[in-house]
Structures are given as C-alpha cells and as structure tokens.
Amino acid sequence: MAVLYFSRALHLDPHVVDFYAWRAEAFIQLCDFSSAAQNLRRAYSFQPENPKYLERLAFVLYIQGQCLYEQCDYLDALNIFSQGSTLQPDKPCFHYRCIACLMALKRHQDCLSLITKEVKQGTTNADIYILRARLYNFFQKVELCYRDLRSALLLDPKNLQAKLLLQMMVDQAQQARQDAGILAVQGLLRQALQRIDSAIENNPLDPSLFLFRYWGRGPRPASRQSLFLGHYSLSKAFTHFAIKLLI
C-alpha cells in the first residue's frame with residue numbers, strides 16, 4: 001500500500017524528492033532492494049549535495065550485494081558491490097566484498113590485483129596481507145607469501161592465521177632441507193640445491209639454510225658431497241649463534 005501511495009504522489013508531482021526516498025523505504029520493507037536503489041538514485045540525482053541519499057543508497061547496495069552473495073550469485077553481487085565502491089571509494093567494506101566475490105568466482109589474478117591496490121593505499125588490516133599471502137602461495141610465489149605473512153604479524157602480532165601459515169612454511173622448509181640432505185648423500189647435488197633453494201624461499205630467516213647452500217656450491221663436484229655430509233653439525237652451531245644474536 002505504501003508503494004502504491006507514493007507512486008500516486010509522484011505521478012501528481014514527480015519533482016518532490018522526498019517521495020522517491022519514502023518509496024525507497026517502502027521497497028526496503030518488502031526486501032525489494034533493486035527498486036529501492038533505483039528510487040534512491042533518483043533522489044540523489046535531484047539533490048547530489050544531500051549526503052543522506054548517498055549514504056542510504058550505499059547501504060541498500062551493500063545489503064543487496066550481500067543477499068546475492070549468500071545466494072551464490074557471485075557475479076551479480078560483484079556488480080552491485082562495484083557500484084557501491086564507485087559511489088563511496090573511501091569505504092573499504094565494498095572493496096572487501098568485491099575481493100570475496102572474485103575469490104568465489106576463482107578469478108584469482110583479478111583478486112590479487114585488487115588486494116595489491118588496497119595494500120598500496122596503506123591498509124592496516126592484517127587479514128588483507130594474509131589473503132594476499134594465500135594467493136601468492138596459490139601462484140607459487142613463496143617468497144612474496146612469506147613477506148606478506150611477516151607484514152601481517154607486524155600489524156597484528158597475535159594473529160593466529162598468520163602464525164599457522166608461517167609455521168606451515170617453516171615445516172615445508174624443514175622438509176625441503178631433509179630432502180636436500182638425502183639427495184646430497186646420493187650424489188644428486190643439483191637436485192639437492194633445488195630443494196635447499198625451496199627451503200630458503202619458505203623460511204629465509206633460517207641462517208642454516210644459507211650455510212647448506214653455500215656448502216653445496218663449492219668449487220668441485222667431488223668435494224661438495226663430503227661438505228654436505230658435514231652440514232648438520234655446522235648448521236646447528238651457526239643457528240644457535242644466530243639465535244643468541246637475535247635475543
């Protein structure tokens with residue numbers, strides 16, 4: 001009834017801006033967010049200097065986009081959130097919802113570009129760095145993944161997700177290091193170096209890994225294998241010394 005009443009009022013006088021806003025509220029009560037947004041756009045076009053119409057329109061777009069997202073209509077949700085982001089580019093909530101839609105659509109490269117743009121604008125949200133770290137890991141850019149996790153912990157030292165992901169990388173580094181040791185003993189020095197390089201990418205703050213690689217790149221292939229065998233005792237001593245320096 002309210003929609004009908006305001007529609008008749010607008011038919012009599014289409015220049016009364018409040019009628020569009022009131023009809024939009026009636027549509028919101030009916031959960032017709034698309035029609036509500038249309039009416040608020042009309043009100044805003046009449047009075048662009050009035051911030052209340054813009055704020056209400058942005059709110060309706062956010063609710064509409066969220067409803068579409070929860071219905072797994074990610075493409076339409078992305079379109080709505082993008083409209084909101086255009087209207088209020090300083091509101092990070094629309095950027096974050098766009099990122100969520102791109103992730104759901106498996107548009108990983110577009111998602112990475114949007115997150116990187118957010119980071120360049122000086123975000124202080126640790127979760128943004130963690131999300132980008134996951135994407136870097138997906139694209140097998142391990143060094144960049146590690147760097148973002150460290151950045152996340154600088155912003156939020158107690159962040160559990162960052163700690164778990166970082167520990168996973170440390171575990172991967174240790175596994176790669178063990179693989180390198182086995183390959184070295186077997187005389188497969190090139191493969192051993194590849195595995196130790198992978199270990200360093202996963203945990204570049206472990207000095208023993210660099211020591212391992214140094215020994216592996218000795219001057220003569222015949223001498224490298226014997227140097228690899230002496231790695232473990234030397235690397236433990238070096239790590240112990242590095243930890244003392246850090247403390």
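Note on ASP90 and ASP197: the model spin-label points, each 7 Å out from Cα along the C-beta direction, lie 4.8 nm apart. Per-residue Karplus couplings for segment 36-45, computed as 6.51 cos²θ - 1.76 cosθ + 1.60 with θ equal to phi - 60°, are listed in order as 4, 5, 4, 5, 5, 5, 5, 5, 5, 5 Hz, Gly and Pro entered as x.
Between GLU49 and VAL170, the simple label model (points 7 Å from Cα in the Cβ direction) yields a spacing of 6.0 nm.
Applying a threshold of 27 Å to the alpha-carbon distances of LYS120/LYS141; LYS52/LYS117; LYS52/LYS106; LYS120/LYS163; LYS106/LYS158; LYS91/LYS141 flags LYS52/LYS117; LYS52/LYS106; LYS106/LYS158; LYS91/LYS141 as lying beyond it. Label sites at LEU160 and LYS141, each approximated as a point 7 angstrom past Cα along Cα to Cβ, lie 2.9 nm apart.
Shown is the FRET efficiency for LYS120 and VAL17, computed with R0 = 41 Å from the Cβ-Cβ distance and rounded to the nearest 0.05: 0.60. Working note: Karplus 6.51/-1.76/1.60 with θ = phi - 60° gives segment 138-150 the couplings 4, 8, 6, 9, 5, 4, 5, 4, 4, 4, 5, 5, 5 Hz, where Gly and Pro are set to x.
Values quoted throughout were computed directly from the atomic coordinates according to the rules given, and no laboratory measurement underlies them. These numbers were taken from a predicted model, which means no experiment stands behind them. Counting neighbours? That spans all protein chains shown, and the Cβs are built from the backbone with ideal geometry, glycine included.
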